[in-house]
Amino acid sequence: GTPGQFLGIDAQGNPEYATPAAGGGAADTFRSPPPLVPTNQASFNRDFPAFVGIVPASNQTVTGLKVMVTTAPSGVTLMAAIYAAGSAFSMTGGTLLATSAAIAAAIGEVTMPFSATVNLTEGSTYYIGIWAHGGSSNPFFMGQDGSRNGVFYAHSSGALPNPSPSVTASGAGQVFTWWAY
């Protein structure tokens, strides 16, 4: 491609370089889940919000998250969130920048728009992820590379805390696939 373009997927599922749409974000073909059939799935533990650290390579905006749900137990709701990093690039103590509404888990693509657009700063660290709550069993999401570590903490009621609490675990658990858009 050329400077300013991104690598996306065309209508036939082939990679292609494209120019971002006006307004700064990437085109819908880039933000949408790839046309793949999940071959694995990951159980997502309810009441343990799971987050992955991200560092944008340029200033950009994010308006929410999408997940591919493969098993959706009754009564489970999903909420997306993004935190700024706390001290020393840790999630602990990070400011809650935005959340989505609680959305019922349903099989297929679940879109969780944030209540407001979040402006990400080049080179800054953020933690972005999902909280599953309610129901009597865990939902399953399309799996991801199990070698990538995430961080998570215990939380079972009310809104997501601000600032973020101390992280209770870090590892390859909760390895689900999500797309920021």
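The values are calculated or read from the model by the stated rules, or taken from the named source; none is laboratory data. It should be emphasised that the depicted structure is a prediction, and the values quoted were computed from it without experimental measurement. No Cβ is skipped: glycine too gets one built from the backbone with ideal geometry, and neighbour counts run over all protein chains shown. Note: areas computed on protein heavy atoms with side chains; ligands, DNA, RNA excluded. Shrake-Rupley method; radii C 1.70, N 1.55, O 1.52, S 1.80 Å.
Does any residue of segment 107-123 turn out to be out of contact with any strand residue (DSSP E or B) (no Cβ under 6 Å at 6 or more places or on another chain), in a loop (DSSP other than H, G, I, E, B), closer than 24 Å to SER58 by Cβ and among the hydroxyl-bearing types (Ser, Thr, Tyr)? Yes, segment 107-123 has at least one match.
For (1) at pLDDT below 75; (2) outside any loop (DSSP other than H, G, I, E, B); (3) of a type in the set (A, V, I, L, M), each residue gets a yes or a no:
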{"site": "THR2", "(1), (2), (3)": "no, no, no"}
{"site": "GLY25", "(1), (2), (3)": "yes, no, no"}
{"site": "PRO34", "(1), (2), (3)": "yes, no, no"}
{"site": "VAL37", "(1), (2), (3)": "yes, no, yes"}
{"site": "ASP47", "(1), (2), (3)": "no, no, no"}
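Whether a residue is closer than 30 Å to GLY4 by Cα, at pLDDT below 90 and either small (Gly, Ala, Ser) or crowded, with 17+ Cβ neighbours inside 10 Å (or both) was assessed, and SER58 passes this test. Residues of segment 104-127 being under 14 Å from the mean Cα position of the chain (by Cα), open to solvent by 40 Å² or more (accessible area, probe 1.4 Å) and not polar (S, T, N, Q), which ones? Of everything in segment 104-127, those that are under 14 Å from the mean Cα position of the chain (by Cα), open to solvent by 40 Å² or more (accessible area, probe 1.4 Å) and not polar (S, T, N, Q) turn out to be GLU109, PRO113.
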